[in-house]
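Written below as structure tokens is the structure these notes are about.
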Amino acid sequence: MVHRDDVAGAIVAALEKGRPGEIYNLVDDEPITQLDLYRWLAATSGRDIPPFADLERKGNRKRVWTNKRISNRKLRSELAYQFKYPTFRKGFTAL
């Protein structure tokens, strides 16, 4: 998760300070599963969480079964990027 303002800011930081050919991961500081995000949004907005399609209908897609964590450490340390919205909670709350 990452706020659009931080996407733009990180792109500018990479263009100005990044090393050619390097990869900088752009994610916020709070890893969260998609389901937990939906639960938080539902609770925050006072609404029910929408129904999900069952896993059989989704098939055996790899994305359904994976749990990856991505770090923004290199973006922060090498480019000294400071997030305007460091977590998805702060980004959504600002809306």
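Throughout, read-outs are computed from the coordinates displayed, never taken from laboratory work. The structure displayed is predicted, hence computed values, not measured ones.
K74: which aspartates and glutamates have alpha carbons under 13 Å from its alpha carbon, excluding same-chain residues fewer than 8 sequence positions away?
List returned: E22, D28, D29.
A43 to L95: extension gain in nm, 0.36 nm per residue of separation minus the Cα-Cα distance?
17.2 nm
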